[in-house]
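Okay, structure first, notes after.
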Amino acid sequence: MNWAQHKILVTGGASFIGSHLVQALVGRGAFVRVVDNLSSGKLSNLAHELSAGAIEFIEGDLREQEVARHAVEGMEYVFHLAADHGGRGYLETHQAACAGNLALDGLVFLACREAGVEKVVYASSGCVYPNFRQKHPKELVYLKEDMVGPPYDADNIYGYAKLMGELTLQIYSQAREMKAVSCRYFTAYGERCKEDHAIMAMIARAFVRQDPFEMWGTGEQIRNWTYVADIVQGTILAAEKINDGRGINLGTMERTRVIEAAQEVQRYMGYSPQIERLPNMPTGPYNRVADNTLAKHLLGWEPQVRFLEGLHRTIDWYVANHQRNEIATGLESLLNER
Ligand SMILES: NC(=O)c1ccc[n+]([C@@H]2O[C@H](COP(=O)([O-])OP(=O)(O)OC[C@H]3O[C@@H](n4cnc5c(N)ncnc54)[C@H](O)[C@@H]3O)[C@@H](O)[C@H]2O)c1
């Protein structure tokens, strides 16, 4: 598809993933509007596009109906990434805040429907998958799209809100009111990701020389960390190729234990103190890895960046762009807030 001159809204475009997506769409020649309330996103993430006058930026809270209506006006495609979202500590301890996503998503989708937006591309999550499928780290489980169905058992209210967002879009799409696709992102990481997400927390801990080096959970949790450039590429392909409102996994099938990731962070950063495991801290499911067969088949998408390569790039970026004293002073809040 040729994106040149198409009118695109990216909600939450000042975020980690959102800013990479904006950059990719601008690079394809699209007209991009960003609406963000900067509650966790940062204008500095869009510094290049803003100073070049390459995007329109509107600061506003999309939970206000008028803001949502104004945001989608004249837009052909809406990439909806705005969400009250954070890392594992935030999701589990700020449930009331995350519940606001039910209203946020509902208002944005309604505004899109009323304005005749052609397609909505939704930033969904691996958190829609049932917890009961993800309990045992020794099982070789890969989460497949059709495992989301009754009995639902999503990951906290955050996961249920993403699930309701997906179901709303499926209904709109089946009723031929608008085209839609839900991209189920799995544990994204990369440049601009913040310390409340596990990989960045490990990097920050090594950066400030934390001793002992804390690790939430037993370390046996399995994740499929997926590099942000791959997430963005998959999202754009999904926008081009899927119309029927279905959910599709965007995640690698590489299985990495949290303890292995922590050890590699320590090795690469040349700092290897004792690791203190904290099983009572928020950990999330013990076995979360996507099956990405459907994305291969429908989108021709496959992750290009192996975990070790993406991790090393991310560490290099982090070290070059942060001040040790500032991170050390604010570490506790960086790990727990958004
Ligand atoms: N990072 C991940 O691993 C991951 C995994 C699955 C899904 N997602 C989803 O991807 C999207 C982007 O996440 P992210 O990790 O890049 O960063 P993020 O969670 O910081 O992004 C959310 C963005 O939305 C903005 N926002 C929040 N509430 C808003 C409101 N009411 N009105 C306007 N803007 C608002 C924030 O300021 C921020 O820029 C989110 O929808 C998130 O749920 C992320």
Could you list, in sequence order, all residues of the stretch 184-197 that are under 23 Å from Q323 (Cβ atoms) and in a loop (DSSP other than H, G, I, E, B)?
G190, E191, R192, C193, K194, E195, D196, H197
Can you tell me which residues in the stretch 62-84 are surrounded by fewer than 18 Cβ atoms within 10 Å (Cβ to Cβ) and either away from the ligand (no atom under 14 Å from the Cβ) or under 25 Å from I231 (Cα atoms) (or both)?
E73, G74, E76
Filter the stretch 198-234 for residues that are assigned to a helix (DSSP H, G or I) and β-branched (V, I, T); which is surrounded by the most Cβ atoms within 10 Å (Cβ to Cβ)?
I199
Output the number of residues of the stretch 5-21 satisfying the condition of being over 19 Å from R338 (Cβ atoms) and part of a loop (DSSP other than H, G, I, E, B).
2
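Residue-wise test of (1) among the small types (G, A, S); (2) without any contact (Cβ under 8 Å) to a residue 40 or more places away in the chain; (3) under 24 Å from A180 (Cβ atoms); (4) surrounded by fewer than 22 Cβ atoms within 10 Å (Cβ to Cβ).
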site: G245; (1), (2), (3), (4): yes, no, yes, no
site: E264; (1), (2), (3), (4): no, no, no, yes
site: M281; (1), (2), (3), (4): no, no, no, yes
site: T293; (1), (2), (3), (4): no, no, yes, yes
site: E302; (1), (2), (3), (4): no, yes, yes, yes
site: V305; (1), (2), (3), (4): no, no, no, yes
site: V319; (1), (2), (3), (4): no, no, no, yes
Name every residue in the stretch 156-191 that is under 19 Å from Y268 (Cα atoms) and near the ligand (Cβ under 9 Å from one of its atoms), in order of residue number.
Y189
Please determine whether any residue of the stretch 53-61 is in contact (Cβ under 8 Å) with a residue 60 or more places away in the chain and either within 25 Å of S125 (Cβ to Cβ) or not assigned by TED's automatic domain parsing to the domain that holds G234 (or both).
no
Any residue in the stretch 40-50 that is more than 22 Å from the chain's Cα centre (by Cα) and not in a strand (DSSP E or B)?
yes
Counting only residues that are small (G, A, S), closer than 25 Å to I199 by Cα and assigned to a loop (DSSP other than H, G, I, E, B), how many does the stretch 64-114 have?
4
Going through the stretch 260-309 in order, the residues found to be assigned to a helix (DSSP H, G or I) and under 26 Å from M147 (Cβ atoms) are E260, A261, T293, L294, A295, K296, H297, L298, L299, F307
Can you say whether L167 is more than 19 Å from D36 (Cα to Cα), part of a helix (DSSP H, G or I) and either outside the structural domain of S39 (by TED's automatic domain parsing) or among the hydrophobic types (A, V, I, L, M, F, W, C) (or both), as far as the supplied structure shows?
yes
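The values are calculated or read from the model by the stated rules, or taken from the named source; none is laboratory data. Only a predicted model underlies this, so the values are computations on that prediction, with no experimental measurement involved. Note that we place each Cβ from the backbone using ideal geometry, even for glycine, and neighbour counts take in every protein chain shown.
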